[in-house]
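Throughout, read-outs are computed from the coordinates displayed, never taken from laboratory work. Remember, it's a predicted structure, so these values are computed and weren't measured experimentally. With ideal geometry, Cβ positions are generated from the backbone for all residues, glycine too; neighbour counts draw on all protein chains shown.
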Amino acid sequence: MPATSSATSRFPAPTVAAVLAPGERASLDAASVGCFAVLHRSSVPDAVRTVRERAVDAVLLSVRHCADERADLVDQLVRSFPGVPTVALLTHHDAKASETLLRLGATGVRQVVDVTAPAGWSRLRQVVAEPASRGAARILAPVFAALPVLAPDARVFLEMLVRLAPEAPAVRSLASRLEIKPSTLMSRFSRSGLPSPKTYLAAVRLLYASQYFEGGGRSVADVAYRLDCSSPQSFGRTLRAMLGITPGEFRRRFPFPTALRRFLAQMVEPYEGVWREFRPLKR
């Protein structure tokens, strides 16, 4: 099957951490089938730990459950992880629900999905799908702006590279998803005069690292495991090899806008002419 038709169907499904009342879980599980994975958690602190430790694209908070949660815990979740949207899930209407929604809004929760009607579940699926691509979109949009002319398979390669980078620490993983031999992919990059696929993959993973550090909610270990590194020490060795700095220095010196500018200046803009004609996935 051509890579341009099969590869685009293989992006990882979004994952959400959900803090719901027990009676609400079955409905969410049914709505999630084929759309996103659910990690059920019993409290907001449990959700905070999950966002630190796992690849989570959004957090769902039941309005009914949060009636009994402390507002400062929700505030900590929202402020510590600005890149992970927190969504309030409304499963019933009453005075207490209205009061809780006001309280959640004061903590910074900006999205509410009302699932008391069937259309609400469709809306929830749309909302959950958006965060999964948000981090990738922050990278892809400026890359595509810098490379206005691309063959279709080059565009597919870049999309797959960026979307899969957090969970693909090695080129062989990326090549497998693209249905191409790693040696073939590397040879095509070498012949074209482009940096190697390994170099592009490592550079994109650092862009994600800079995103994960935003807001100060994640430790170095959290970011290392979010990037599927074998250990925080492995993440540190990668930074020393690529930039000659420690993870702490990386967090201070390379906020996402700075890291993105560096990536574009070194890995994208000098090669616009090459990418214009490049066909990495041609059969």
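Choose one answer from LEU201, LEU60, LEU239: the residue with the largest mean-square fluctuation in a GNM of the chain with alpha-carbon springs under 10 Å.
Among LEU201, LEU60, LEU239, the largest GNM mean-square fluctuation belongs to LEU239.
In what order do ASP57, ASP46, ASP153 fall by count of nearby beta-carbon atoms within 10 Å, going from fewest to most?
Sorted ascending by nearby Cβ count, the order is ASP46, ASP153, ASP57.
Springs between alpha-carbon pairs under 10 angstrom, Gaussian network model over the chain: which of GLY248, GLY120, GLY23 fluctuates most?
Residue with maximal mean-square fluctuation among GLY248, GLY120, GLY23: GLY23.
Taking the mean number of other Cβ atoms within 10 Å as a proxy for protection, how do you rank 164-175, 259-270 from highest to lowest?
Per-residue mean Cβ counts within 10 Å order the peptides as 164-175, 259-270.
Per DSSP H run of n ≥ 4, the term is -39500 (n - 2.57); total these for the chain, divide by its residue number, and report the mean residue ellipticity at 222 nm rounded to 500 deg cm²/dmol. Walk me through the intermediate numbers first.
Details: 16 runs with 166 residues, N = 283.
For the chain, the value works out to -17500 deg cm²/dmol.
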